[in-house]
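Here's the structure, in structure tokens; my notes come after.
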């Protein structure tokens, strides 16, 4: 089975397989296929599954050292297997993105504060951002599908969409708001263990300063979210200075505009800043300038 699985593999690829696949798997005489995927660090290194009637041994890349992942990826990329085409597009874009000085700086900054799994997700989302910002137009539908694929492949769940949205909107950048919050933590504003990680977990779980309008949203729902986040801005482990409501695409922009009209009707005091460009509408609300 070894020869059938990686007959043309180089010696370094064979060494990686030998190190990580159990001997009984590699020496099996069964008709066994080899694949790789990323299931998270808490999942076993190798799993055996039936895929389309074919017994398959799947290597969990999240349990491998980075240098071994690169060896396997280089080999299988040439063979046209291992990952689907959309995943390979993201990986290729990630390589390009991380060679960019700005993206390298983002990763380097957050590596000092966040756990490895959060950094992995950030890297992948940076790659999606690069594609989104490319001169060639990429539809919102395609980007949403790419983020959905990421959440399924890497078991990141909802965080994949959240981090991708935050990343694409510049919140991780050198002048981004997450950096501003982390600097406040550095100044000693939070007296807790692992304050940066705790704050980051809160940002992903609650999304306290952002609302990203989706096609399934209705204006009244967005209005209620804006009100709730403005009124809750001072109730967390750290105070948040604003709430950004963001919409891309005609339908989502229309939903957001109607939500703001509803907000006017239900508020005694409401001030905000609005930014509109060819891809996005952003309303920024200040809790101090809102009174229901």
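The values are calculated or read from the model by the stated rules, or taken from the named source; none is laboratory data. This one's a predicted model, so the numbers in the text were calculated from it and none came from an experiment. So basically every Cβ, Gly included, is an ideal-geometry build from the backbone, and we count neighbours across all protein chains shown.
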Options 186, 201; residue that is under 21 Å from residue 111 (Cα atoms) and modelled with pLDDT of 95 or more: 201
Qualifying positions in the stretch 135-145 - within 16 Å of the chain's Cα centre (by Cα) and at pLDDT below 70: 140, 143, 144
Hits in the stretch 146-167 - residues which are modelled with pLDDT of 85 or more, out of contact with any strand residue (DSSP E or B) (no Cβ under 9 Å at 6 or more places or on another chain) and surrounded by fewer than 23 Cβ atoms within 10 Å (Cβ to Cβ): 158, 159
Odd one out for residue 171 among (1) part of a loop (DSSP other than H, G, I, E, B); (2) in contact (Cβ under 8 Å) with a residue 40 or more places away in the chain; (3) surrounded by 15 or more Cβ atoms within 10 Å (Cβ to Cβ): (2)
Residue 34 vs. criteria modelled with pLDDT under 70, part of a loop (DSSP other than H, G, I, E, B) and within 32 Å of the chain's Cα centre (by Cα): no
Qualifying residues in the stretch 181-194 (those that are in a helix (DSSP H, G or I) and either in contact (Cβ under 8 Å) with a residue 24 or more places away in the chain or not assigned by TED's automatic domain parsing to the domain that holds residue 284 (or both)) - the one surrounded by the most Cβ atoms within 10 Å (Cβ to Cβ): 181
Test: residue 210 is modelled with pLDDT of 90 or more, buried (at least 19 other Cβ atoms within 10 Å of the Cβ) and within 29 Å of residue 112 (Cα to Cα): yes
